[in-house]
Amino acid sequence: MILNYFKTAWRSLVRFKLTISVSLFGLFLGVTCFLLLSTYILNEIRYDRFHDKADRIVAVNMSYKSPADADFVSTTLTPTAVVPVAKREFSEVEEAARIYNYGTREVKVNNVLFTEKDMVIADEGFFRIFSFNFIEGDPGEALKDPYSVVITSSTAKKYFGPGPALGKAIIINEDNWKVSGVIEDIPPYSTLQFNILGSYSSDPRATSEVWNSANDRSYLLLNPASKTQDLQQKIDKYVSSRFSEEFKAGFKFQLQLQPLTQVHLYSVDSNDNNVIYLYILSVIAILLLIIACINFTNLMTAKSSERLREIGVRKVLGAKRVNLIFQFLTESAIVNFIALTLAVIAAHLLLPSFNNFTGLSIGVGTWQEDEFVLFLIFLFTSMTLIAGTW
């Protein structure tokens, strides 16, 4: 019985090739554009949410103003003293880590010279805060010793080939470092991007608590029972007490806590609010999808009106209303399935070009979200029902 519905539906679709081709192409084009835009939107929304403790991680931002300044200057960079003081003074802080950008470094491995642009150093507690998957090494010990370095999987293959990299030596700017860990490549939806991560204790800055210069990014892991607002109030009181003389002279200084999951969309380093552009793109994506769906429904409805004689003959021959409904639903389902399948394939093939255009590195891993798959199922079902029963 079901097979007969499909056979009849296919013959009907072939008979109305022009109408079906136009409706199929319109739906395919709309869904493809929607998939590309929604992939970008999902990638932006899921930034930094892959960390197991993301809901307890906060970034520390800094704002300052001299007597000569009209407005505050805000930055994500903080003094070296922030992290040790936070761990020492505030019970709400379970762990904390500083990250310092080492910039471009010359790396020598077996007398082969590499130039690495993405090297940073971080405190020992870094991997107790952030969840990067280790392939080799112990996260708890990886940054314990000076001149220890954790590298990404692709960097390890570049340096040492397919074999193990743990314990091997590399030379960074004439200093000998030891590979203490290898992690999976960092996903594109992480604000923290690096190929090489060295131990903070390797740098002389680790021994000083300086307030008069800001070059570190500071992150705090709060205790499960702690609230960001309570810690913020304590930090404000500490800063007011610590810099009371400077405040009397007209200087202003603030340390502000920002949830990790908001850092990307609400960056204090940018004058542009990324979330506004995200809302605009979301509206555009939804409008494209709606237009494609309306166009598809109208064309399928127009096709149905051309088949009134066929419907009448079927009723005379004993076809029931439910049989006709199932017949139109089957035709609609076939067109929808073809359009959605082609759209997914096209979006996948277009992702590299889309990445080149946007300057991003988005992969199909974004499509693995359960909500995204459920949405495709919902889209297929709703369009089939609307076009098939209209």
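Looking only at segment 132-190, which residues are surrounded by fewer than 13 Cβ atoms within 10 Å (Cβ to Cβ), over 25 Å from the mean Cα position of the chain (by Cα) and under 30 Å from ILE362 (Cβ atoms)?
Of everything in segment 132-190, those that are surrounded by fewer than 13 Cβ atoms within 10 Å (Cβ to Cβ), over 25 Å from the mean Cα position of the chain (by Cα) and under 30 Å from ILE362 (Cβ atoms) turn out to be GLY161, PRO162.
Output yes when any residue across segment 103-120 is charged (D, E, K, R), touching a strand residue (DSSP E or B) at 6+ places or on another chain (Cβ under 8 Å) and closer than 23 Å to LYS87 by Cα, and no when none is.
No.
Do we find that THR32 is farther than 30 Å from LYS168 by Cα and either without any contact (Cβ under 8 Å) to a residue 60 or more places away in the chain or in a helix (DSSP H, G or I) (or both) in this structure? If you could, list the steps in order and put the result at the bottom.
Working: farther than 30 Å from LYS168 by Cα: yes; either without any contact (Cβ under 8 Å) to a residue 60 or more places away in the chain or in a helix (DSSP H, G or I) (or both): yes.
Yes.
Within segment 192-208, how many residues turn out to be surrounded by 14 or more Cβ atoms within 10 Å (Cβ to Cβ) and of a type outside the set (A, V, I, L, M, F, W, C)?
Taking segment 192-208 and keeping what is surrounded by 14 or more Cβ atoms within 10 Å (Cβ to Cβ), we get 192, 194-203, 205-206.
Still in the running and of a type outside the set (A, V, I, L, M, F, W, C): 195, 198-203, 205.
Of the residues in that region, 8 qualify.
Residues of segment 34-65 being over 18 Å from the mean Cα position of the chain (by Cα), at pLDDT 90 or above and more than 16 Å from THR228 (Cβ to Cβ), which ones?
Across segment 34-65, the qualifying residues are MET62, SER63.
Being in contact with a strand residue (DSSP E or B) (Cβ under 8 Å, 6 or more places away or on another chain), at pLDDT 75 or above and either in a helix (DSSP H, G or I) or surrounded by 12 or more Cβ atoms within 10 Å (Cβ to Cβ) (or both) narrows it down to one residue among VAL268, VAL275; which is it?
VAL268
Is it the case that GLU136 is within 20 Å of TYR100 (Cα to Cα) and either assigned to a strand (DSSP E or B) or in the same structural domain as TYR64 (by TED's automatic domain parsing) (or both)?
For GLU136, the condition - within 20 Å of TYR100 (Cα to Cα) and either assigned to a strand (DSSP E or B) or in the same structural domain as TYR64 (by TED's automatic domain parsing) (or both) - is not met.
Would you confirm, using the coordinates I've provided, whether ALA292 is at pLDDT 80 or above and out of contact with any His (no Cβ under 8 Å at 6 or more places or on another chain)?
yes
Output the residue which, of all residues in segment 66-91 that are in a loop (DSSP other than H, G, I, E, B) and among the hydroxyl-bearing types (Ser, Thr, Tyr), is modelled with the lowest pLDDT.
Within segment 66-91, the match that is modelled with the lowest pLDDT is SER66.
Evaluate the following for VAL182: is it over 30 Å from VAL85 (Cβ atoms) and of a type in the set (Val, Ile, Thr)?
yes
Among the numbered conditions (1) touching a strand residue (DSSP E or B) at 6+ places or on another chain (Cβ under 6 Å); (2) hydroxyl-bearing (Ser, Thr, Tyr); (3) exposed (fewer than 11 other Cβ atoms within 10 Å of the Cβ), tell me where SER241 comes up short.
For SER241, the failing item is (1).
Any chance you could count how many residues in segment 368-378 are modelled with pLDDT under 70 and outside any loop (DSSP other than H, G, I, E, B)?
Result for segment 368-378: 1.
Table: residues versus (1) free of Cβ contacts under 8 Å to residues at least 40 places away in the same chain; (2) closer than 24 Å to PRO224 by Cα.
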site: ARG88; (1), (2): yes, yes
site: SER91; (1), (2): no, yes
site: MET119; (1), (2): no, no
site: SER131; (1), (2): no, yes
site: GLU141; (1), (2): yes, yes
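May I ask you to list the residues in segment 322-358 that are modelled with pLDDT under 80 and under 22 Å from the mean Cα position of the chain (by Cα)?
Passing the criteria: only THR358.
The values are calculated or read from the model by the stated rules, or taken from the named source; none is laboratory data. As the structure is a prediction and not an experimental result, all values here were calculated from the model. Here the Cβ is made from the backbone with ideal geometry for all residues, glycine too, and neighbour counts use every protein chain on show.
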